[in-house]
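As structure tokens, the structure follows; a few thoughts come after it.
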Amino acid sequence: MNRTMEEQTTIRPVEKNNDGTPEEKPVISILAPVYNEEPVLPELYRRVREVMEQTGEPWELVLVDDGSRDRSAEVIAALHEQDPRVRGLSFSRNFGFQIAVTAGLDYVEGDAVILADADLQDPPEVFPEMIARWREGYDVVYGVRTRREGETWFKLFTAKLFYRLIYRITDVNIPLDTGDFRLMDRRVVNVLRHMPERNRFLRGMIPWLGFRQIGIPYQRKARFAGESKFSSVRQMLPFALDAITSFSYLPLQLATYLGFSLAALSGLAIIVVILLRLLGPSNPLAGQATTLVIVLFLGGVQLISLGIIGEYLGRIYDEVKGRPLYLVDRTWGIDLRPER
Ligand code: UDP
Ligand code: MG
């Protein structure tokens, strides 16, 4: 068969591994952030491989070690030795879930990326359905939790509350009961990579992007091993505050609304007091207690408003400093790019 020069030169060269076998470019990347997940990782690899082999798609598993204090990094290194489709990097310290995912997205190579927790709470058995939806033309396929196993009632309750609150007060339609478990097309990943914000709430950023998104129901499993890093109020509150401040100005506007309401109320009160003075008994509204309570109340309202401004201001300060989002210590099968 006759080929033109152009056609011939556009054929991708087959890359070779050390052992001489041709390296297949992954179509599906599975990305999992890892923080102290040593006992889970071998099982994660096993389950991912099993499921991906069934789909027949070339795949890779990208693990981002978020400054683990156990031997997670060593396990990633060993997995990479054993199977070069496992690649990874390790941060210089703990930077948090959102940043770990962001770093992973900088280095995944697939045409689609599946973001899943390392602890197997997002079961790999759902991947084939996500891939099927993606093949149908959807850009984002997110998992909607129908049931959650092995969670405390406190976590379930606060999560329910959080999703409903965030749904009401933001302008973005963030789907209810949807975590970070989702498949994203390459073009979605590319857009995300150009959103440099520091306070990253991916569960809001991805719906904000638009494109064609669809949810599929799944049952969230119990952790395979280890324990949750988001179980107490102290661990969950910063996440909730980041979510609210990145997607809503309502808390800032509350001060304005409250100001207007209180001003209107005092306007009325002035008229009432004057009328009482002119027409009423000799000493109406006697007592300092009332005054004190009102002054204290207003002081409280003002401090809260200042605090809310502070929450936003601190985040603006973080953004303005423009420090790198993360610092990489070690890599396995990844060539670092200096851009972040
Ligand atoms: N994780 C992380 N950095 C952190 C905390 C958690 O990369 O600072 C990872 C963790 O290893 C897991 C995922 O984020 O793969 C979800 O964390 P976890 O299971 O503790 O949260 P939960 O599922 O209980 O909400
Ligand atoms: Mg978990």
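Just so you know, all these numbers are worked out from the coordinates, no wet-lab data involved. Computed from a predicted model, the values in this text were never measured in an experiment. Note that we place each Cβ from the backbone using ideal geometry, even for glycine, and neighbour counts take in every protein chain shown.
Over the Cα atoms of the range 214-340, what is the Rg over Rh ratio if Rh follows Kirkwood?
1.24
Taking the radius of gyration and the Kirkwood hydrodynamic radius from Cα positions alone, what is the Rg/Rh ratio for the chain, to two decimal places?
Value, to two decimals: 1.14.
What do you get for trypsin sites (Lys or Arg not before Pro) in the range 61-101 restricted to DSSP loop and a cutoff of at most 12 other Cβ within 10 Å of the site's Cβ?
Those satisfying the criteria are 69, 93.
Amide H to amide H under 5 Å from residue 216: which residues, 5+ apart in sequence or cross-chain, H placed 1.01 Å off N in plane?
Result for residue 216 returns 142, 143, 144.
Ranked by Cβ crowding within 10 angstrom, fewest neighbours first, how are 212, 147, 198 ordered?
147, 212, 198
Estimate the FRET efficiency between residue 276 and residue 309 by the formula 1/(1 + (r/R0)^6), using the beta-carbon distance for r and 25 Å for R0, to the nearest 0.05.
0.10
State, as an integer percentage, the relative contact order of the range 188-340 based on alpha-carbon contacts under 8 Å between residues 6 or more apart.
RCO, the range 188-340: 30 percent.
Just rank 152, 178, fewest to most, by other beta-carbon atoms within 10 angstrom. Show your work: numbers first, answer last.
On the way: 152 10, 178 17.
Exposure proxy ranking, most exposed first: 152, 178.
Could you work out how far the C-alpha centroid of the range 207-247 sits from that of the range 28-78, in angstrom?
First find each Cα centre; the distance between them is then 20 Å.
For the range 168-261, report the % of Cα-Cα distances exceeding 22 Å.
Values: 1940 of 4371 pairs.
Taking all Cα-Cα pairs of the range 168-261, the fraction more than 22 Å apart is 44 percent.
If you take every DSSP beta bridge whose two residues both sit in the chain, what share of them, in percent to the nearest 5, is antiparallel?
Around 35 percent of the beta bridges assigned by DSSP in the chain are antiparallel ones.
Would you work out the relative contact order for the chain, in percent, from Cα pairs under 8 angstrom that are 6 or more residues apart? Can you show the working numbers first?
Numbers: 469 pairs, mean separation 69.3, N = 340.
With pairs under 8 Å counted, the relative contact order is 20 percent.
Once phi is turned into ³J(HN,Hα) by the Karplus curve 6.51 cos²θ - 1.76 cosθ + 1.60 with θ = phi - 60°, what whole-Hz value does each residue of the range 56-67 show in order, with x for glycine and proline?
x, 7, x, 9, 9, 10, 9, 10, 10, 7, 8, x
On full extension of the chain, what length is gained from residue 227 through residue 255, given 0.36 nm per residue of separation minus the C-alpha to C-alpha distance?
Full extension of this stretch gives 6.1 nm more.
Let's test the formula: R0 of 56 Å, r as the Cβ-Cβ distance of residue 290 and residue 321. What FRET efficiency results, to the nearest 0.05?
For residue 290 and residue 321, the calculated efficiency is 0.75.
Any idea how far apart residue 162 and residue 146 come out in nm if each label point goes 7 Å out from Cα toward Cβ?
Simple spin-label model gives 2.4 nm for this pair.
List nothing, just return the count: lysine pairs in the chain, 8 or more apart or interchain, with Cα separation under 24 Å.
Working: 16/25; 155/221; 155/229; 160/221; 160/229; 221/229.
Value for the chain: 6.
Counting other beta carbons within 10 Å of each residue's own, what order do 153, 59 fall into, fewest first?
Placing the least packed residue first, the sequence is 153, 59.
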